[in-house]
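Note sheet for the following structure.
The values are calculated or read from the model by the stated rules, or taken from the named source; none is laboratory data. Everything numeric here is computed off the predicted structure, so don't read it as measured data. Don't worry about glycine lacking a Cβ; one is built from the backbone with ideal geometry, like all the others, and counts go over all protein chains shown.
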């Protein structure tokens, strides 16, 4: 364990870099390293356009989404004080999905309108769940928050089903594929838009990482140890909410990353959030990029939805971890 | 440095009886005060009122001549260390990591532990006899070890005041005595101590003063022998008791069985 403890940061950095490289190399047209280097550093070679305009934004988007979802999952597990919390537990993704699917059903699914509709749905739900979660006067209660999220998820699920059942077949398939999540819409604009929405909350969460160690102990204990629980809870809620709405708006719902990665990192780094959050970002990013590379290459030329791959990879991995921790 | 609380009244629901009514208290360095009283008498509420975690209907709390509301949470954590009754153990840390949580109020947002922090944590662990358990996960500790860990965490805050809410509720005799011995030693070394407990007899032997609460009001305050009198204790707890004296002079309360009442039980006072 000691050698592993010493080597874990370099190993993680290596895994992240390796995943990015594999992500660029793998796809409908497999590319050798020389072609990638030529395209990146000299903007030369026959595949330069594929690499610079398709592959690179796609792996960057995947990395940013996977990393953001993992950090968001870790924070929500601390906020709700429940190891089963994932980035979608508070119902915001459902709101975003309703926004997006409504846009598809109404035939408004242009490249720029879809994310806007999803973001609008997500932010509307963010405000609604927040209002529901305020217990007595202005105090935010995590249990009420969880309950508000669950009922909101149920409600948006019903709205989604209603919209889908009223849609014609072609739009139904589009909406269904969108719901499964995927990075095929990646572009430099999408990377830029996601960075704009996701990076500020990520930086705020990292900056406050340490205080989440205290919040996990319960609000009173956190306060006795110097934290300000009300401020922390609001920060956690709005930061993770913005991340959920922005990621769902850019690439749909990608499950399991945000649930599993924080648990894997806790095994390796322990539960303290100052190392946990950056490590979860790197591993989550690497994991989603690798899952996307697999999704693009196993059934070439058909692309599997990346959410299917994250679940197929993530669940067995999680089961192994669970067994290890019990034995 | 003193803690002053004057005329505290707390009401949880607007119509119901107050959980705390017109309670005043003062606490100084080198002094251990035991807060006793029946279940629901307002002990934990008083503790929460002193820490500002429950809104006051009236009254004021002052620590080191500064109103409680004027203390930012981080500064307050460097003045008052608390061992609460319960806390969640969701993702168990190691003992040393748990004790180091007490340093957060001293650290900047991204700063790593410095030399001073490591020294304070080591010293807190030494005082609570935890050096051997440093790398143990907290979910593998016995109740006594866990309480000592939480007391060490409070000490790592370098507080002037230590507040403990029923720290020995689930402990056997030895561990209970160890906690009381530890708290008494810390107070003798200069801390101000406030301990909520159901153990009248240990309160009588360890505390300098006893505050007896009944239905949210103070039913007695003073030295253990002045407060733990037979009529007072029997009245407040609504159960017949006898009070005898231990060899160090501290009053010891013996609850009576119904058939012993009026049979001239062992009443030393």
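Taking the criterion of being surrounded by fewer than 24 Cβ atoms within 10 Å (Cβ to Cβ) and within 14 Å of chain B (Cβ to nearest Cβ), the residues of the stretch A:80-133 that qualify are A:80, A:81, A:82, A:83, A:84. Here is the figure for the stretch B:82-97: residues that are facing another protein chain (nearest Cβ under 9 Å), closer than 22 Å to residue A:274 by Cβ and either touching a residue at least 24 places away in the same chain (Cβ under 8 Å) or surrounded by fewer than 20 Cβ atoms within 10 Å (Cβ to Cβ) (or both) total 8.
Could you please let me know if residue A:156 is touching a helix residue (DSSP H, G or I) at 6+ places or on another chain (Cβ under 7 Å), buried (at least 17 other Cβ atoms within 10 Å of the Cβ) and touching a residue at least 12 places away in the same chain (Cβ under 8 Å)? The answer is yes for residue A:156. The set of residues from the stretch B:59-74 being closer than 15 Å to residue B:103 by Cβ and at pLDDT 95 or above is empty.
In the set (1) in contact (Cβ under 8 Å) with a residue 24 or more places away in the chain; (2) in contact with a strand residue (DSSP E or B) (Cβ under 8 Å, 6 or more places away or on another chain), the condition left unmet by residue A:149 is number (2).
For the stretch A:275-318, which positions are closer than 22 Å to residue A:75 by Cα and either in contact with a strand residue (DSSP E or B) (Cβ under 9 Å, 6 or more places away or on another chain) or without any contact (Cβ under 8 Å) to a residue 12 or more places away in the chain (or both)?
Within the stretch A:275-318, the subset closer than 22 Å to residue A:75 by Cα is A:275-289, A:307, A:310-311, A:314-315, A:317-318.
The one that is closer than 22 Å to residue A:75 by Cα and either in contact with a strand residue (DSSP E or B) (Cβ under 9 Å, 6 or more places away or on another chain) or without any contact (Cβ under 8 Å) to a residue 12 or more places away in the chain (or both): A:275.
Only a single criterion out of (1) touching a residue at least 24 places away in the same chain (Cβ under 8 Å); (2) over 16 Å from the mean Cα position of the chain (by Cα) is not satisfied by residue A:67, namely (2).
With respect to residue B:129, determine if the residue is under 30 Å from residue B:177 (Cβ atoms), more than 8 Å from every other protein chain (Cβ to nearest Cβ) and either modelled with pLDDT of 95 or more or not in a helix (DSSP H, G or I) (or both). Criteria met by residue B:129.
Do you know which residues across the stretch B:65-74 are at the interface with chain A (Cβ under 9 Å from one of its Cβ atoms) and either loosely packed, with under 13 Cβ neighbours inside 10 Å or closer than 22 Å to residue B:216 by Cβ (or both)? B:72 - this is the single residue of the stretch B:65-74 that is at the interface with chain A (Cβ under 9 Å from one of its Cβ atoms) and either loosely packed, with under 13 Cβ neighbours inside 10 Å or closer than 22 Å to residue B:216 by Cβ (or both). Take the conditions (1) surrounded by fewer than 24 Cβ atoms within 10 Å (Cβ to Cβ); (2) part of a helix (DSSP H, G or I); residue A:67 misses just one of them, which is (1). There is at least one residue in the stretch B:54-66 that is without any contact (Cβ under 8 Å) to a residue 12 or more places away in the chain and under 29 Å from residue B:119 (Cβ atoms).
Please list, ordered by residue number, the helices (runs of 4 or more DSSP H) wholly in the stretch B:143-249 having 2 or more residues that are in contact with a helix residue (DSSP H, G or I) (Cβ under 8 Å, 6 or more places away or on another chain), in contact (Cβ under 8 Å) with a residue 40 or more places away in the chain and buried (at least 23 other Cβ atoms within 10 Å of the Cβ).
Details: elements: B:143-156, B:173-188, B:200-206, B:224-227, B:230-237.
So the answer is B:143-156, B:200-206.
If you go through the stretch A:207-238 and pick out every residue that is over 16 Å from the mean Cα position of the chain (by Cα) and either assigned to a helix (DSSP H, G or I) or more than 14 Å from every other protein chain (Cβ to nearest Cβ) (or both), you end up with 21. Applying the condition of being part of a loop (DSSP other than H, G, I, E, B) and within 13 Å of residue B:234 (Cβ to Cβ) to the stretch B:251-269 and asking which residue is modelled with the lowest pLDDT yields B:269. How many residues, within the stretch A:134-143, are in a helix (DSSP H, G or I), surrounded by fewer than 16 Cβ atoms within 10 Å (Cβ to Cβ) and in contact with a helix residue (DSSP H, G or I) (Cβ under 8 Å, 6 or more places away or on another chain)? Here the count works out to 0. Residue A:193 fulfils the conditions (1) in a helix (DSSP H, G or I); (2) touching a helix residue (DSSP H, G or I) at 6+ places or on another chain (Cβ under 6 Å) except for a single criterion, (2). Taken over the stretch B:44-57, the criterion of being away from chain A (no Cβ under 14 Å) and modelled with pLDDT of 95 or more is satisfied by B:46 alone.
Facing another protein chain (nearest Cβ under 9 Å) and surrounded by 14 or more Cβ atoms within 10 Å (Cβ to Cβ), is that true of residue B:62? Don't jump to the end; show me each part of the working.
Numbers: facing another protein chain (nearest Cβ under 9 Å): no; surrounded by 14 or more Cβ atoms within 10 Å (Cβ to Cβ): yes.
For residue B:62, the condition - facing another protein chain (nearest Cβ under 9 Å) and surrounded by 14 or more Cβ atoms within 10 Å (Cβ to Cβ) - is not met.
The C-beta contact set for the stretch A:78-106 (first residue under 23 Å from residue A:165 (Cα atoms), second residue in a loop (DSSP other than H, G, I, E, B), distance under 6 angstrom, 6+ apart or interchain) comprises A:93/A:253; A:103/A:109; A:105/A:167. Within the stretch B:98-125, the set of residues being more than 14 Å from chain A (Cβ to nearest Cβ) and either within 21 Å of the chain's Cα centre (by Cα) or at positive phi (or both) comprises B:125 only.
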